[in-house]
Amino acid sequence: MPLIVLLAGGFFVTALLYASVGFGGGSTYAALLALAGLDYRVLPMVALACNIVVVAGSTMRFARAGVTPWKGALLLTVLAAPAAFVGGLVQIDERSFMALLGASLVLTAGTMLIPVSRTSEGEASGLARFMPIIAAPLGFLAGLVGIGGGIFLAPLLHLTRWRDARAIAATASFFILVNSLFGLAGQLAKSGPAMFGGAIYEALPLLVAVAIGGQIGSLLALKVLPLKWIRWLTAALVLVVGVRLLAGA
């Protein structure tokens, strides 16, 4: 079976699982490409482009539903987006890139196992006001290795009771979308239009796969499997891939 077909299947499943729990899946897209032996310099470009495809629809749906807390979401994102652009500009060797990507995946698996309440319980904790401080580091990591950062941000927002669950999901989606756009811009500025154009052209089947998987995940997956099962399954898959990358770094 052609490699691109296998990758498209993996990207489809990743998008379905991540979209069903409100995220984009950028780190796992990059990891799948790394395991397939693609040039590590194009991995963030493809991963961030796939992120944008997956979360653009959910961001619009949240906005139309009126659940996005724009003041708080914009504050977090405005601090993170410039750092995502800088992260995209940074030159990094392959060994360091793979180590950072593997560590990001292991941390992603851990965040997915943090229990998430669907309701708001009481007032925000005192730590909630410090959430903007972590926005810039998450943005930098987003641009550097091809993730959106929302999967790390959302659990912290839940733990501090920053907003209710729907508002946090909307904020994470918007955070991922904007960081991915700025990170992709940084990657383009670093690598040039030729490499960027070639990477996106070769990745067209993968972009189609995540578009379909993301829509199915956001609309149907939660009606088929309990949320905690989806999160546990995704965490297990991500952990295996992350450990494999770290072992080879």
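With respect to Phe12, is the statement that it is among the hydrophobic types (A, V, I, L, M, F, W, C) and farther than 20 Å from Leu153 by Cα true?
Yes: the conditions hold for Phe12.
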message: Looking at Leu107, Leu79 in this structure, which one is touching a Pro at 6+ places or on another chain (Cβ under 6 Å) and over 22 Å from Gly37 (Cα atoms)?
response: Leu79
- request: Check whether at least one residue in the range 36-43 is more than 22 Å from Trp229 (Cβ to Cβ) and in contact with a Phe, Trp or Tyr (Cβ under 6 Å, 6 or more places away or on another chain), and report yes or no.
  value: yes
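Scanning for something touching a His at 6+ places or on another chain (Cβ under 8 Å) and either of a type outside the set (Asp, Glu) or not in a helix (DSSP H, G or I) (or both), does the range 169-191 turn up at least one residue?
Here is the first cut: in the range 169-191, the residues touching a His at 6+ places or on another chain (Cβ under 8 Å) are none.
For the range 169-191, residues touching a His at 6+ places or on another chain (Cβ under 8 Å) and either of a type outside the set (Asp, Glu) or not in a helix (DSSP H, G or I) (or both): absent.
Among the residues of the range 129-144, are any within 24 Å of Ala247 (Cβ to Cβ) and either touching a residue at least 40 places away in the same chain (Cβ under 8 Å) or not in a helix (DSSP H, G or I) (or both)? Steps first, answer last, please.
Step one: list which residues in the range 129-144 are within 24 Å of Ala247 (Cβ to Cβ), which gives 141, 144.
Those still in the list that are either touching a residue at least 40 places away in the same chain (Cβ under 8 Å) or not in a helix (DSSP H, G or I) (or both) too: 141, 144.
Taking every residue of the range 129-144 in turn, at least one turns out to be within 24 Å of Ala247 (Cβ to Cβ) and either touching a residue at least 40 places away in the same chain (Cβ under 8 Å) or not in a helix (DSSP H, G or I) (or both).
Checking the conditions here, which among Ile151, Ile168 is touching a helix residue (DSSP H, G or I) at 6+ places or on another chain (Cβ under 7 Å), among the hydrophobic types (A, V, I, L, M, F, W, C) and under 14 Å from Asn51 (Cβ atoms)? Lay out the reasoning, then the answer.
Working: Ile168 fails: under 14 Å from Asn51 (Cβ atoms).
The conditions single out Ile151.
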query: Pairs under 7 Å by beta carbon, first residue in contact (Cβ under 8 Å) with a residue 60 or more places away in the chain in the range 236-249, partner loosely packed, with under 13 Cβ neighbours inside 10 Å and not small (Gly, Ala, Ser), six or more apart or different chains?
result: Ala249/Arg95
task: Return a yes/no flag: does the range 179-186 have any residue that is touching a helix residue (DSSP H, G or I) at 6+ places or on another chain (Cβ under 6 Å), surrounded by fewer than 17 Cβ atoms within 10 Å (Cβ to Cβ) and at pLDDT 80 or above.
output: no
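The values are calculated or read from the model by the stated rules, or taken from the named source; none is laboratory data. Every value quoted in this text rests on a predicted model; they were computed, and no experiment measured them. Cβ coordinates were reconstructed from backbone atoms using ideal geometry, including for glycine residues, and neighbour counts include every protein chain displayed.
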